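A short worksheet on the structure shown next.
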């Protein structure tokens, strides 16, 4: 039962949050255990646990005035800053397949072979199906054109 809203319990009714409640709010806001819980839900959870009886707007105000930061964890691993680097043309090629959705609902698959050093498109092919044979055909055609 919330002391601020209950007419029966009047010993805890105050106009502002006291230091104990502020410390409890800070502990829950900055805790890694509650990092997945939104601030509004955290306020309701604290009321249900009987820890702090303060409205979500009070929680937001305290987070803003004290500049508390919610702990965040990166879901995805760090991406490499430097990718594959080559020193001359035709040292390494990439195969890229892009899907183009047409207005009639069908899809077109663009298979391309790209040089890593110069970013030049060495060969491409548009197909109606996503099949490994299309990528192999584009790669073979690009290798025939690139060989001296």
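List of remarks:
- Compactness of the chain as Cα Rg over 2.2 N^0.38 Å, two decimals: 2.04
- Note on segment 93-146: Cα convex hull, mean projected area over all directions, 3.7 nm².
- Helix content alone sets the calculated 222 nm mean residue ellipticity of the chain: runs of n ≥ 4 DSSP H residues at -39500 (n - 2.57) each, divided across all residues, give -10000 deg cm²/dmol.
- Distance between modelled label sites at residue 103 and residue 81, nm, 7 Å Cα→Cβ extension: 4.6 nm
- Mean Cα-pair separation over length for the chain, i.e. relative contact order, pairs under 8 Å, 6 or more apart, %: 14 percent
- Whole-angstrom gap from segment 75-106 to segment 125-148, using each part's C-alpha centre: 16 Å
All of the numbers you see were taken from the coordinates with simple rules; none came from a lab. Fair warning: this is a prediction, and the values are worked out from it, not measured in the lab. Cβ atoms come from the backbone with ideal geometry, glycine included; neighbour counts cover every protein chain shown.
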